[in-house]
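Participant: Following this message is one structure expressed as structure tokens.
The values are calculated or read from the model by the stated rules, or taken from the named source; none is laboratory data. It should be emphasised that the depicted structure is a prediction, and the values quoted were computed from it without experimental measurement. Please note: Cβ atoms are built from the backbone with ideal geometry, for glycine as well, and neighbour counts cover all protein chains shown. Note: accessible area is taken over every heavy atom of the protein model, side chains too, but ligands, DNA and RNA are not part of it. Shrake-Rupley method; radii C 1.70, N 1.55, O 1.52, S 1.80 Å.
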Amino acid sequence: MDLQQAINERRAARAFTGDPIPDVTLEAILRMGTQAPSGFNLQPWRFIVVRNGENKSKLQECAFNQRQVGEAPVVLICCGDRAALNSDNIEAVIGLGENNNAMNDQYANYMRNTIPSFAENGPSFGSTEVWTNRHTMLAVAQMMLAAKSFGVDSCPMEGFVASQVKSAFNIPENVDVCCLLALGYAKEPYKQYGGRFHLKQVCYGESYGDSLTLASS
Ligand SMILES: Cc1cc2nc3c(=O)[nH]c(=O)nc-3n(C[C@H](O)[C@H](O)[C@H](O)COP(=O)(O)O)c2cc1C
């Protein structure tokens, strides 16, 4: 399935067949999702891949007993690590860039000097949790579309108790649980398309609230 079709046909699946996702497909979905962009390439997303039945039941209990958590062959606990703003990760990203011939000393030093104060002052986010969520959800969105391109359906979920998920799955204090993502093959009848607001309602031209004119519409 091509990208446009995947975008148009993706629906949040609420029921799944028991069919497993082949590992080769799951790996491709994870790999494509983690190609998402991130500020300074810091890549704070972390994913716990839950496939074991007992663990899915445990997760379902933390997620208001939502059916798709128990039924989907794979549920990702999608997390963001606030420690990705620390110097160890900055150095790891610099090393990665060097290995890819995409880093020079000047930019490495810029990162070393800039990121700590950016992290402390958070000029574009109110709390570091906003920062982890911003990045992790981009990777999740990319995973949903990658999955759909392989015929794999998904359901993103915010219906869970983060503190319960954290203690049940040994998630450290500095790591935020951003969402759950169920992955598998949707069971019919499929969820209906609920519609989207008209572009006029959500896109503005030049200043908030001003109407946007497009020659094409
Ligand atoms: C961040 C986020 C959280 C969501 N949480 C849940 C959830 O807890 N349970 C659920 O069944 N669907 C959940 N959904 C799915 C939405 O209900 C669904 O995406 C929306 O109704 C639009 O439908 P569509 O994705 O099929 O077009 C969530 C979606 C997003 C993006």
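Participant: Can you pull the percent of region 3-202's accessible area that's carbon plus sulfur, 1.4 Å probe, other chains left in place?
Facilitator: That fraction is 50 percent.
Participant: Also, quick follow-up: Can you count the Lys pairs in the chain with C-alpha separation below 16 Å, eight or more apart or on different chains?
Facilitator: Within the chain, the lysine pair count is 4.
Participant: What stretch of the chain, leaving out the sites themselves, is the longest with no chymotrypsin sites (Phe, Trp or Tyr not before Pro) in a DSSP loop having at most 13 other Cβ atoms within 10 Å?
Facilitator: In the chain, the maximal stretch lacking such sites is 65-189.
Participant: Using the reciprocal of the averaged 1/r over all distinct C-alpha pairs, how large is the Kirkwood radius of region 3-202 in Å?
Facilitator: About 18.2 Å, per the Kirkwood formula over Cα pairs.
Participant: With every protein chain present, what is the per residue accessible area of region 3-202 (1.4 Å probe, Å²)?
Facilitator: 55 Å²
Participant: May I ask for the net charge around residue 153, where only other residues with Cβ less than 15 Å from the Cβ of residue 153 are counted and Lys, Arg are +1 while Asp, Glu are -1?
Facilitator: With Lys, Arg at +1 and Asp, Glu at -1, the neighbours total +3.
Participant: Which helices, taking whole DSSP H runs in the chain, have alpha carbons extending 27 angstrom or more along the helix axis plus mean Kyte-Doolittle at least 0.0?
Facilitator: Membrane-span-like by this rule: 128-149.
Participant: Compute, for region 3-202, the length of the dipole vector about the Cα centre, with Cβ point charges of +1 (Lys, Arg) and -1 (Asp, Glu) only. Units Debye, rounded to 20.
Facilitator: 780 debye
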